[in-house]
Amino acid sequence: MQGGVYIMRANVDKELCISCGLCISICDEVFEWGDDDKAEAIEEEVPEHLEEDVREAIESCPTEAIEEI
């Protein structure tokens with residue numbers, strides 16, 4: 001929370017990521033392929049209109065590699 005306003009960010013644990021691409025297919029505005037062929041999340045805050053999609057990606061990840069921070 002920043003100044004009383006909630007700011008969502010996402011993080012992908014590269015150790016747990018199996019490169020299935022599910023998060024990218026759900027929300028390619030936030031998740032993308034890294035140079036190591038693992039998924040990664042944008043470093044900025046998640047736009048409010050994409051928060052629901054990011055939560056769906058978190059819940060859908062087969063290895064629970066994505067966390068909301």
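The values are calculated or read from the model by the stated rules, or taken from the named source; none is laboratory data. Keep in mind it's a predicted model, so treat the numbers as computed, not measured. Please note: Cβ atoms are built from the backbone with ideal geometry, for glycine as well, and neighbour counts cover all protein chains shown. For the accessible areas, the whole protein counts, side chains as well, though only heavy atoms, and no ligand, DNA or RNA atoms are used. Shrake-Rupley method; radii C 1.70, N 1.55, O 1.52, S 1.80 Å.
Points worth noting:
- Flag for C23 being assigned to a loop (DSSP other than H, G, I, E, B), in contact with a strand residue (DSSP E or B) (Cβ under 7 Å, 6 or more places away or on another chain) and not acidic (D, E): no
- Breaking point among (1) in contact with a helix residue (DSSP H, G or I) (Cβ under 6 Å, 6 or more places away or on another chain); (2) open to solvent by 60 Å² or more (accessible area, probe 1.4 Å), for E48: (1)
- Selection within the range 1-12: residues that are surrounded by 14 or more Cβ atoms within 10 Å (Cβ to Cβ) and either at pLDDT below 95 or assigned to a loop (DSSP other than H, G, I, E, B) (or both). The member of this set that is nearest to the chain's Cα centre (by Cα) is R9.
- D35 being more than 10 Å from the chain's Cα centre (by Cα) and without any contact (Cβ under 8 Å) to a residue 40 or more places away in the chain: yes
- Among the residues examined, I18 qualifies as closer than 15 Å to S60 by Cα and over 11 Å from the mean Cα position of the chain (by Cα).
- Scanning the range 14-37 for residues being open to solvent by 60 Å² or more (accessible area, probe 1.4 Å) and on the phi < 0 side of the Ramachandran plot gives a total of 13.
- Scanning the range 26-69 for residues that are under 15 Å from M8 (Cα atoms), among the aliphatic types (A, V, I, L, M) and in a strand (DSSP E or B) yields A41, I66.
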